[in-house]
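Below is one structure, written out as structure tokens, with a few remarks after it.
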Amino acid sequence: MPKTQTSFSKTQLFLVGFMASGKSTVGPLLAARLGRPFIDLDQHIEAHAGYTIFELIKHAGEARFRELETQILAEFAHAEPAVIAPGGGAITREENRVLMQQTGVQLWLDASFELCWQRIQHDGVTRPLAPDEATARARYEQRLSLYQQADVRVAVRAGQSATELVDACMRQLQQQ
């Protein structure tokens, strides 16, 4: 499929959504379709910190993790246009929301809590901020109204392939 130019071609595209909503899976495919680099913010935080996210939060705390996340998000927000996938909680800091609003388009991968929790249980990734279902659900509910402020919403359904989701993202973005 040909690369598509959209109205946001000179701005960042931020994929927002809860953990396991599909940002790291859809992001590279969407970036390739748009002819942009893909930036998984958590990978850059880990490289900068020299720790996995789990270790960073365990040793330095969530507040330090969020500080690094904000710092690295700002670096990429002002770099060449890319598809950027911040962690699911990046949106909880007002300065991150303002930065994303000022430098790009926020595309929310709207997956239900139940779908996210099912994926969390089976993806083999250690998620220190979702140690159990009740904690994860509370975080999801805390963040939901922030995700709902995104510029673009794409519903994520169980059984939907990554390609189908990228197609849905492209359709929504082309309407911008």
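The values are calculated or read from the model by the stated rules, or taken from the named source; none is laboratory data. None of these values were measured; they are calculated from a predicted model. Cβ placement follows ideal geometry from the backbone for every residue including glycine, while neighbour counts extend to all protein chains displayed. When the accessible area is computed, the model is the full protein with side chains, heavy atoms only, and any ligands, DNA or RNA have been set aside. Shrake-Rupley method; radii C 1.70, N 1.55, O 1.52, S 1.80 Å.
Odds and ends about this structure:
- Relative to one another, the C-alpha centroids of segment 57-73 and segment 101-176 are positioned 21 Å apart.
- The DSSP beta bridges internal to the chain are antiparallel in roughly 0% of cases.
- The label-point distance for Glu141 and Glu67, in a model that sets each label 7 Å from Cα toward Cβ, rounds to 3.1 nm.
- In terms of its C-alpha gyration tensor, segment 105-176 comes out oblate, because a/c is 1.5 or above while a/b does not outweigh b/c.
- With K and R counted +1 and D and E -1, the other residues having a Cβ less than 12 Å from that of Ala74 yield a net charge of -3.
- Tensor-based shape of segment 15-158 (alpha-carbon gyration tensor, a/c under 1.5 rounded, otherwise prolate or oblate): rounded
- Each of Thr52, Ala150, Phe76 was scored by the projection of its Cα onto the charge dipole of segment 38-176, and the greatest displacement toward the positive side belongs to Ala150; charges sit on the C-beta of Lys, Arg, Asp and Glu.
- Using the Cβ-Cβ distance between Ser112 and Thr92 with R0 = 25 Å, the FRET efficiency computed as 1/(1 + (r/R0)^6) comes to roughly 0.80.
- At R0 = 22 Å, FRET efficiency that the Cβ-Cβ distance of Ala60 and Asp123 yields, to 0.05: 0.35
- Apportionment of accessible area to carbon and sulfur, the chain, percent (1.4 Å): 47 percent
- The chain, helix-only ellipticity at 222 nm - DSSP H runs n ≥ 4, -39,500 (n - 2.57), divided by all residues, nearest 500: -16500 deg cm²/dmol
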